[in-house]
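Report on the structure given below.
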Amino acid sequence: MGSTLILKVRICLKPLQPFFHQGTSAFLTIKTPVSLVVPPTARFLCTRNTNYNPARSRETDRNNRQTNRQAGGKHGTNRWVEEELWDGAVERRLKKEQSFPKSVFAAGTAKRTAEMLKRKAPMAHEDENEEPVRRESREAGKLQPPERPLSPAEWRKLKESHGNMQRFDIRMMNALFSSGAQLDTAKSLLTFVAMETGTLSYELLLRYLTLCVRGGHEAEVFDVYDIMRGSFPSLDTGASSLFIKSFSQTVRWREAIGILQEVKKVFTPSPRNYGDIITAAMLNGDATTAWALYDELMENGLSPHQETWDALFKRVTNSKEEEEQGAEVTSDTEHQERLLGILLYMRNNQIYPQQSLTSTIKTWFESLTGQKWTGSWTKATPKGVCRCCGTQLESIQLTVEEYQQLKDRVMTDIIQGRDVFKKTTPEELQRFKAFVKRKPAFDVVIDGLNVANTNKDKCRQSETLLAVVSELERQGLSVLVLGRKHMLRPSRSWDKNDMKLIQQKAHCFFTENISEDDPFLLYASLHSGNHCRFVSKDLMRDHKACLSDGATRRLFFKWQRGHQLVVYGFVAAGRRVRFQIIPSYDTILQTSGDSWHVPYDDTEDRSTHEVPQRWLCLTKTP
């Protein structure tokens, strides 16, 4: 079908060839006499819509990552749990089930908390019941694609039944794509449009191409490629990316390199463009080409997709073609060094591999010739010891050099940043600096208003804050409470006696009501030294974003995880205040030469401020 189609198109387009290369004409049309009978496939003509937005036509590739969720029991119950690891192993252990995780930075915490709050919301069930109704009403307005190919007359009747809506062809092609319709149905739509208008728009042809690529219809993709290259002076981002992806999955994968070179003349290719060809090169045994493209990707400042790394770790032997041509072949030693470089890149950029990539890394290590590596899936103890090999993981605490670097950057980018006086005034900031200088170094800095809002009951905010301050004071710590001046005015929320006791137990500084607390909290914490911690449930994402470079942002996140105290649960009178555990180890890819420890992503629920809880332990036997 594919070869017949392309032949008829070429025959049909040949008389119009002079028109195809006259500048950048937006439309290519042909008028056919009514009496002339032309084969439907011969009307496969192409037009480009000048109002078409290529950005909307990009195909989005999403990876389906499997997750293993363990059903939790009631809070506080002890039971034996058989936990199935994703590689098939089963871990049986005594576990105290809890409805809330121990750390705000643990993977999945944010999503589980949001789901818990949603279940507790009074209108949750009503909203869920109303949602299907709204969804049905939206679906009713959508086009319903046919279940089989239609004749031009049937398509015309279907179009008329929808009031001859504008862009019927585009909307219907989208519907065919969304419903996963058969390719023959899409072809019958193209035939109808060509006979109806004498032309096919560039946008419609691109949507058809997307359907072909998703379905793996190689012959049709090649046909569309030849038609579009012969009919249009250039291809947009969406078409180029689709052709690169499709060609990379076939024996004609080297042609994708040519398409990539043309793309580079106009704009920088995406990591996906590079990744598709790198994967093809590795699958076909051309490691030299793969690494050359990988170096080019990195030089352009792009971040590789994890599928690209997965392909590089799944190396196959050099191709016969490469060996026969005498091409420079990547040696095993060089390939090994490059892959270890990828692991160091993950470490330096705090990247956590997904479980599929981690499994590939494990397989690669265990397959190294002459080296006896063993990989195991494990977790770390609260003290940062690998449960598998007993190695002590790296400390969460910053070194002296790292701490000074972070302190300087925070002072420059956040405390003295261009927008700092939108959060306070120069006079107030100077007054606070003088206040901190007069005081001894603090052990704990409390975001008073944030902590006071821990409980849902806002009538006794001062009581909540007093309980937290009292707990820290009982531990013999030097405490600074940051608040706002309205907290000193007696009210139902702010009891006069509670506030008086707080000022007796801790150092206090109250800013203007319009000021923000966070810059003051960061200044006091960092000025007091590496031992000082702070109490707040604010994740500081806005302030981290203010830092000028990625390395400093990663240092800030490391410091934050090792110094932020978050109140655990609710604060109640007569009960001791508890805080979520601060980990003693850093969740980052690390090595000691004879061992590697790789924290990996085993869930889709992890937010950007959270870290994985599972590790791959790789040890080398002498």
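The values are calculated or read from the model by the stated rules, or taken from the named source; none is laboratory data. Fair warning: this is a prediction, and the values are worked out from it, not measured in the lab. Here Cβ is always computed from backbone atoms with ideal geometry, including for glycine, and neighbour counts include all displayed protein chains. Just the protein is used for accessible areas: all its heavy atoms, side chains included, with ligands, DNA and RNA removed. Shrake-Rupley method; radii C 1.70, N 1.55, O 1.52, S 1.80 Å.
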message: Looking at region 396-405, can you tell me whether even one residue there is open to solvent by less than 10 Å² (accessible area, probe 1.4 Å), in contact with a strand residue (DSSP E or B) (Cβ under 7 Å, 6 or more places away or on another chain) and not basic (Lys, Arg)?
response: yes
task: For region 379-388, enumerate the residues that are under 16 Å from LEU589 (Cβ atoms) and open to solvent by less than 50 Å² (accessible area, probe 1.4 Å).
output: ALA380, GLY384, CYS386
statement: Subset of region 588-607, residues in a loop (DSSP other than H, G, I, E, B) and more than 30 Å from LYS458 (Cα to Cα), comes to ILE588, LEU589, SER592, GLY593, ASP594, ASP602, THR603, GLU604, ASP605, ARG606
query: Can you tell me which residues in region 216-253 are among the basic types (Lys, Arg) and over 18 Å from ASP276 (Cβ atoms)?
result: ARG229
query: Among (1) out of contact with any Gly (no Cβ under 9 Å at 6 or more places or on another chain); (2) within 22 Å of SER515 (Cα to Cα), which single condition is MET487 missing?
result: (1)
task: Name every residue in region 588-622 that is more than 26 Å from GLN371 (Cβ to Cβ) and open to solvent by 50 Å² or more (accessible area, probe 1.4 Å), in order of residue number.
output: GLU604, ARG606, THR608, GLN613
message: Quick check on ARG431: is it of a type in the set (Lys, Arg) and more than 14 Å from TRP596 (Cα to Cα)?
response: yes
message: Step by step: first the residues of region 137-163, then only those that are assigned to a helix (DSSP H, G or I) and of a type in the set (Asp, Glu), then the one that is modelled with the highest pLDDT. Which residue is that?
response: GLU154
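Suppose we keep only residues that are exposed (fewer than 14 other Cβ atoms within 10 Å of the Cβ) and not small (Gly, Ala, Ser) within region 348-378. Which one would you say is nearest to PHE313 (Cα to Cα)? If you could, list the steps in order and put the result at the bottom.
Step one: filter region 348-378 for residues exposed (fewer than 14 other Cβ atoms within 10 Å of the Cβ), giving 348-349, 363, 366-372.
Going one step further and asking which of them are not small (Gly, Ala, Ser), we end up with 348-349, 363, 366, 368-369, 371-372.
Numbers: ASN348: 19, ASN349: 19, THR363: 9, GLU366: 12, LEU368: 11, THR369: 15, GLN371: 16, LYS372: 17 Å.
Looking at the filtered set, the residue picked out is THR363.
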query: Looking only at helices (runs of 4 or more DSSP H) that fall completely inside region 478-587, which ones have 2 or more residues that are of a type in the set (S, T, N, Q) and loosely packed, with under 15 Cβ neighbours inside 10 Å?
result: 496-505
- prompt: When both residues are 6+ apart or on different chains and their Cβ atoms are under 9 Å apart, which pairs have a first residue that lies in region 436-459 and is within 24 Å of ALA573 (Cα to Cα) and without any contact (Cβ under 8 Å) to a residue 12 or more places away in the chain, and a second that is among the polar types (S, T, N, Q) and open to solvent by 10 Å² or more (accessible area, probe 1.4 Å)?
  reply: ASN453/GLN461
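Step by step: first the residues of region 180-198, then only those that are free of Cβ contacts under 8 Å to residues at least 40 places away in the same chain and in a loop (DSSP other than H, G, I, E, B), then the one that is least open to solvent (accessible area, probe 1.4 Å). Which residue is that?
ALA181
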Residues within region 440-454 that are over 15 Å from THR511 (Cβ atoms) and either open to solvent by less than 10 Å² (accessible area, probe 1.4 Å) or in contact with a strand residue (DSSP E or B) (Cβ under 6 Å, 6 or more places away or on another chain) (or both), tallied: 4
- prompt: What pairs can you find where one residue is in region 507-536 and among the β-branched types (Val, Ile, Thr), the other is surrounded by fewer than 20 Cβ atoms within 10 Å (Cβ to Cβ), and their Cβ atoms are less than 6 Å apart, with a gap of 6+ or different chains?
  reply: THR511/ARG484
query: Among (1) assigned to a helix (DSSP H, G or I); (2) within 30 Å of ALA290 (Cα to Cα); (3) open to solvent by 10 Å² or more (accessible area, probe 1.4 Å); (4) in contact (Cβ under 8 Å) with a residue 24 or more places away in the chain, which single condition is PHE177 missing?
result: (2)
